[in-house]
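Since the structure comes first, as structure tokens, the remarks are kept for the end.
The values are calculated or read from the model by the stated rules, or taken from the named source; none is laboratory data. It should be emphasised that the depicted structure is a prediction, and the values quoted were computed from it without experimental measurement. Cβ coordinates were reconstructed from backbone atoms using ideal geometry, including for glycine residues, and neighbour counts include every protein chain displayed.
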Amino acid sequence: MTTSHTPRAGTLTFVGEYATLAFERRIPHPVQVVWEALTEPEHLARWYMTKAVIDGRTGGSIDFRIGPAQLHVTGRILVWGPPHVFEYEWKVKPWGRMPKGEDAIVRWELRPEGEETLLTLTHRNLTRRSALGAAPATHVVLERLVAQLAGLPFEDFRERVAQVQEQYPSRREAH
């Protein structure tokens, strides 16, 4: 099953119990500016709502505490190719809302297009339940990235997620 309702919506592709979530955004800033927003903890704290520790090198590590719930994500950096590719493991230990945890891969790719950047985000090997929750949240997080780079205020995260949810299948529809 693949879902994509609008050009701004991400695409969810399911294979069995796993999913890949993919987004593409054209960002009106140079690649280096976008790279810094993706890899520097002070930027991530604002738009990604993340306390981040990044050992920026292939074989290095990430340690994130993300969002209002402070989801703890760790992993090894698989590709560190400044300023074009940042790929890492996305490991979450089992807990209440994620009884099986998560063992996925996140890949950010940046390609210059004139003075703009084409950002491609792929989050693969997500559990079905996680992917369904992550799709609208990731949509809003990417809006926050663009807003931060433009110097604009953020919309309320939870309200905005509820607004974009209609562009994605819900957890109820997926069973």
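Matching residues to (1) in a strand (DSSP E or B); (2) not β-branched (Val, Ile, Thr):
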{"position": "THR74", "(1), (2)": "yes, no"}
{"position": "PRO83", "(1), (2)": "no, yes"}
{"position": "TRP90", "(1), (2)": "yes, yes"}
{"position": "ARG107", "(1), (2)": "yes, yes"}
{"position": "LEU119", "(1), (2)": "yes, yes"}
{"position": "ALA131", "(1), (2)": "no, yes"}
{"position": "ALA135", "(1), (2)": "no, yes"}
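For the stretch 50-72, the set of residues classified as farther than 19 Å from ASP103 by Cβ, part of a loop (DSSP other than H, G, I, E, B) and modelled with pLDDT of 95 or more consists of ASP55, GLY56, ARG57, THR58, listed by residue number.
If you scan the stretch 34-69, which residues turn out to be hydrophobic (A, V, I, L, M, F, W, C), surrounded by 15 or more Cβ atoms within 10 Å (Cβ to Cβ) and within 19 Å of GLY81 (Cα to Cα)?
Those that are hydrophobic (A, V, I, L, M, F, W, C), surrounded by 15 or more Cβ atoms within 10 Å (Cβ to Cβ) and within 19 Å of GLY81 (Cα to Cα): VAL34, TRP35, ALA37, LEU38, LEU44, ALA52, ILE54, ILE62.
Where residues in the stretch 1-47 are part of a loop (DSSP other than H, G, I, E, B) and at pLDDT 95 or above, which of them is nearest to the chain's Cα centre (by Cα)? Result: GLU40.
Please work out if VAL161 is assigned to a helix (DSSP H, G or I), touching a residue at least 24 places away in the same chain (Cβ under 8 Å) and among the aliphatic types (A, V, I, L, M). Yes; evaluated as a whole, the condition is true for this residue.
Just to be sure before I move on: is GLU155 at pLDDT 90 or above, assigned to a helix (DSSP H, G or I) and either closer than 15 Å to THR11 by Cβ or among the acidic types (Asp, Glu) (or both) in the structure I sent?
no
Of the residues in the stretch 96-115, not one is more than 23 Å from THR11 (Cα to Cα) and touching a helix residue (DSSP H, G or I) at 6+ places or on another chain (Cβ under 6 Å).
Note on the stretch 77-112: residues that are within 18 Å of ILE27 (Cβ to Cβ) and modelled with pLDDT under 95 total 0. For ARG144, are the conditions met, namely being part of a helix (DSSP H, G or I), of a type in the set (D, E, K, R), buried (at least 18 other Cβ atoms within 10 Å of the Cβ) and modelled with pLDDT of 90 or more? Judged against the criteria, ARG144 is a match.
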